[in-house]
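What follows is a short report on a single structure.
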Amino acid sequence: MKKILYLILIMPYIIFAGISFSGEGEALGRISLSNDPNFLFKKTNLKLSLDCDINENTAFWAGTDLFFDFQKGISDMSDLSEKGSFPETRISLDETYLSIKRFPVSFIDISVGRQKVTVGEGDVVSPVDIVCPDDLSDPLTFGDKVAKEILSVYAYAFNTEFALHYSPVFAPSLLFENFIDLNEQFRGVDYINDTVKLPSGIKESSDIFAVLSGDVSSASFSVFYGYTRTHTPLPENVTVEMVSLTSARADLEFFFPRMQTGGFSISLSAGEVGLWGDFSANYVSQTEYTIDLSDVGRGVIDTFSMKSKYFFNCLLGMDYTFPGGFYMNIQYAHGMRGEYGEEMMHDYIFVGTRLPLFNEKIVAEPLNMSYEISDFDMITKRGAIVAYPKITLKSMDNLEISAALIYVSATTGTNFSRINGYDGLELGLKYYF
Amino acid sequence: MKKIVYAVTIALLTSLFCYANENVSELLKRIDSVSNSPKDQKMSMKLILIDKDNSESEREIVMMQKGADKRVGKFLSPKDQKGIGFLSLPGNVLHIYLPAYKKVKNIASHAKNGSFAGTDFTYEDMEMTEFSKNYEGKILSENDSIYVIELIPEKKSETSYSKIVITVPKETYFPVMMEFYEKDKHVKTLERKSIEKVKSYYVAREMTMTTLKSGHKTKMLLESVEYDTNISDDFFTDRYLKE
């Protein structure tokens with residue numbers, strides 16, 4: 001229904017306004033290099049976008065994502081005679097918004113609709129980039145966002161920009177499988193039922209995020225405040241019941257508590273080195289929950305998902321381009337996406353490299369890697385490393401063919417341990433039109 | 001007597017040296033005034049990237065310039081680069097907009113020697129420069145029609161080039177050739193052709209930058225140009241880059 005409404009809305013503009021269509025098709029497969037090779041991850045998708053300039057100051061943008069899975073739709077004999085199962089197709093509405101410039105006065109721009117808004121200076125990753133939830137469905141792709149219904153108002157004056165993003169609809173992060181491993185957390189419990197409680201009503205669902213940014217000489221600064229919610233769920237209630245003499249069942253209720261975030265970002269050049277940083281202080285409204293063990297004779301236990309309701313996170317980065325065009329950046333992050341509470345937060349070092357060859361017809365990224373530190377005192381014994389060297393061939397305009405190797409080595413207790421054994425080969429093809 | 005001869009000789013040489021320097025300095029100011037004389041300009045250009053084996057690919061770009069120190073540009077094609085923009089402002093400020101990330105990035109000075117979207121131009125080449133303010137000049141040769149001037153960057157100047165040699169016709173003072181050196185090695189050459197006068201300003205309809213090591217070339221063809229149309233300062237902002 002929503003999609004039809006969008007189509008009806010944009011139809012007059014399709015007929016009367018200047019429209020350009022564009023899109024990209026992508027096929028990507030990751031194959032494990034074990035004795036029994038299998039797909040670790042695969043996607044075939046088509047993004048279609050419509051860009052419509054209604055007049056000099058007004059534009060409409062609409063995008064859809066079509067995902068195809070050539071095997072998933074087949075589960076029983078009847079599917080083999082069902083054309084709709086070949087392949088299974090999912091359509092999702094990506095960014096679809098109206099952008100009005102210089103309205104109602106010349107120094108204000110407004111955009112409204114499903115949008116992806118990014119904040120912070122971090123390169124690809126940033127723990128303060130929380131206006132839109134993260135798309136974590138691909139464990140190796142950082143920085144992808146889920147589009148969200150947002151009204152954005154931008155005001156410009158004296159070389160500064162004030163942006164206010166209001167969203168009346170709560171959206172959680174999209175997680176990859178086993179992001180929260182309940183079986184690991186409730187070992188010994190035979191049956192686990194979980195429910196996720198979304199905020200109800202516009203007041204409870206609403207998020208607001210304000211950013212003031214500007215430039216002083218060659219440095220860029222911004223300060224921000226957000227009244228939002230956590231994008232990954234925290235436990236609210238847990239009830240453990242005996243279902244027989246030897247087996248137990250756990251009923252878990254998850255929710256997304258209110259979170260307030262304030263902080264600042266900075267980016268500047270120091271000599272020949274580029275430097276940037278994001279810093280934020282966070283307050284989570286509810287971190288306590290109960291575990292009801294009355295049925296197993298242990299009463300009700302009050303506990304917490306975070307020791308303190310306050311926590312800080314930050315990101316520091318630097319980059320440099322060596323003679324010959326070899327670009328390298330290093331970022332340190334304290335806390336990352338989906339990590340709430342000081343004791344839950346790990347530290348990360350991200351290294352990104354880029355070597356353009358033959359006038360960017362080949363782009364090598366030989367040293368891309370992430371290192372996770374779960375405990376500084378045990379830095380040599382506990383941690384995780386993910387190496388992801390990649391080469392991309394761009395022999396034709398608009399066409400990219402890529403190959404990458406994936407190596408994961410993680411000890412238990414690290415976030416990257418969720419993708420332990422993810423070693424493999426990645427092949428990708430992307431075409432823009 | 002000897003001392004007096006020495007003193008006179010030194011004074012003479014010093015004044016000759018100062019005179020020569022002053023002359024070059026005046027010459028550079030004149031060259032700057034010709035290149036940067038329009039109050040503002042808006043250009044549409046086609047960039048043709050030519051390989052050593054003569055295979056070609058194209059990019060389209062619109063660029064605006066105001067005075068000598070503000071420049072903004074946006075890619076219109078190909079599709080995978082559409083929307084990429086750059087903004088060059090006074091004080092060696094360079095911002096790049098990457099539509100895939102919806103972010104405006106500050107570019108540090110070291111990154112300015114990186115290739116501009118796969119072309120033979122660097123980000124630094126796309127910035128405005130005033131020779132008289134950033135370089136010390138020396139006339140290498142001169143005949144009836146041209147000057148050949150060597151430009152050595154001043155210490156304060158943030159450039160990746162160790163030297164630029166420019167060829168300037170005496171008739172126009174509009175450089176027709178620039179040879180770029182890194183660590184005193186000639187690395188690139190820019191040639192300006194089809195020079196014509198539009199509204200009393202000189203403009204090159206065709207510019208070719210050649211990277212000597214690879215033999216790769218980028219030809220910049222000027223498709224349209226408008227001068228002195230009172231371009232608003234609003235265009236030289238991050239706001240415009242993101243539009």
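Bear in mind these aren't lab numbers, they're just calculated from the coordinates by the rules spelled out. This structure is a prediction, so every number in the text was calculated from the model and none was measured. All Cβ positions, even for glycine, are placed from backbone atoms using ideal geometry, and neighbour counts span all protein chains on display.
So what's the net charge close to A:Phe41: Lys and Arg +1, Asp and Glu -1, counting the other residues with Cβ under 12 Å from its Cβ?
-1
Could you state the number of Å between the C-alpha centres of region B:184-243 and region B:78-112?
With region B:78-112 and region B:184-243 each reduced to a Cα centre, they are spaced 17 Å.
Taking loop as defined by DSSP and a crowding limit of 13 other beta carbons within 10 Å, which chymotrypsin sites (Phe, Trp or Tyr not before Pro) in region A:121-198 fit?
A:Phe158
Please find, in a Gaussian network model of chain A (springs between Cα atoms separated by less than 10 Å), the residue of A:Lys381, A:Lys83, A:Lys43 whose mean-square fluctuation is greatest.
Result: A:Lys83 has the largest fluctuation of those listed.
Exactly which trypsin sites (Lys or Arg not before Pro) in region B:131-162 are in a DSSP loop and have at most 13 other Cβ atoms within 10 Å?
B:Lys155, B:Lys156
Taking N as the number of residues in region B:21-242, what is its alpha-carbon radius of gyration divided by 2.2 N^0.38 Å?
The reported ratio for this selection is 0.99.
Treating only the Cβ of Lys, Arg, Asp and Glu as charged (+1, +1, -1, -1), what charge dipole size does region A:331-433 show about its Cα centre? Round to the nearest 20 debye.
380 debye
Given a cut-off of under 8 Å on Cα pairs at least six residues apart, what relative contact order in percent is computed for region B:184-243?
With pairs under 8 Å counted, the relative contact order is 24 percent.
Hey, what's the Kirkwood Rh for the protein assembly as shown if you take every pair of different alpha carbons, in angstrom?
Working: mean 1/r = 0.0349 Å⁻¹.
Over the protein assembly as shown, the inverse of the mean reciprocal pair distance is 28.7 Å.
Distance between Cα centroids, region A:243-277 to region A:35-68: provide it in whole Å.
When both Cα centres are located, 27 Å separates them.
Students often get this wrong, so check it: of A:Lys43/B:Lys79; B:Lys102/B:Lys199; A:Lys361/B:Lys197; A:Lys145/B:Lys82; B:Lys66/B:Lys219; A:Lys145/B:Lys52, which have C-alpha atoms separated by over 29 Å?
Over 29 Å Cα-Cα: B:Lys102/B:Lys199; A:Lys361/B:Lys197; A:Lys145/B:Lys52.
When the scattering of region A:54-134 is computed by the Debye formula from its Cα atoms alone, each counted once and equally, what is log10 I(q)/I(0) at q = 0.24 Å⁻¹?
So the normalised log intensities work out to -1.07.
Summing -39500 (n - 2.57) over the DSSP H runs of n ≥ 4 in the protein assembly as shown and dividing by its residue number, what mean residue ellipticity at 222 nm do you reach, to the nearest 500 deg cm²/dmol? All intermediate terms of the calculation are to be shown ahead of the outcome.
Numbers: 7 runs with 71 residues, N = 676.
Calculated at 222 nm, the ellipticity per residue is -3000 deg cm²/dmol.
Of the trypsin sites (Lys or Arg not before Pro) in region A:104-198, which ones lie in a loop per DSSP and count no more than 16 other C-beta atoms within 10 Å?
A:Arg187
Give me the inter-chain shielding for B:68-80: mean count of other chain Cβ atoms within 10 Å, whole number please. Don't skip to the end; give the middle numbers.
Numbers: counts 0, 0, 0, 0, 0, 0, 0, 0, 0, 2, 6, 9, 11.
Taking the mean over all residues of the peptide, I get 2.
In peptide A:358-367, what is the residue-averaged number of other protein chain Cβ atoms found within 10 Å of each Cβ? Walk me through the numbers on the way to the answer.
Working: counts 5, 14, 5, 6, 0, 1, 0, 0, 0, 0.
Average neighbour count from other chains, rounded to a whole number: 3.
Would you list which aspartates and glutamates come within 17 Å of B:Lys39, measuring only between C-alpha atoms, while excluding same-chain residues fewer than 8 positions from it?
In chain and number order, the partners are B:Asp69, B:Glu127, B:Glu130, B:Glu226, B:Asp228, B:Asp233, B:Asp234.
Helix B:2-35 sits at what angle to the longest principal axis of chain B, using alpha carbons and giving 0 to 90 degrees rounded to 10?
Around 20 degrees separate the two axes.
Give me the net charge for the shell around A:Gln260: Cβ to Cβ below 14 angstrom, other residues only, Lys and Arg +1, Asp and Glu -1.
Around A:Gln260, the charge tally is +2.
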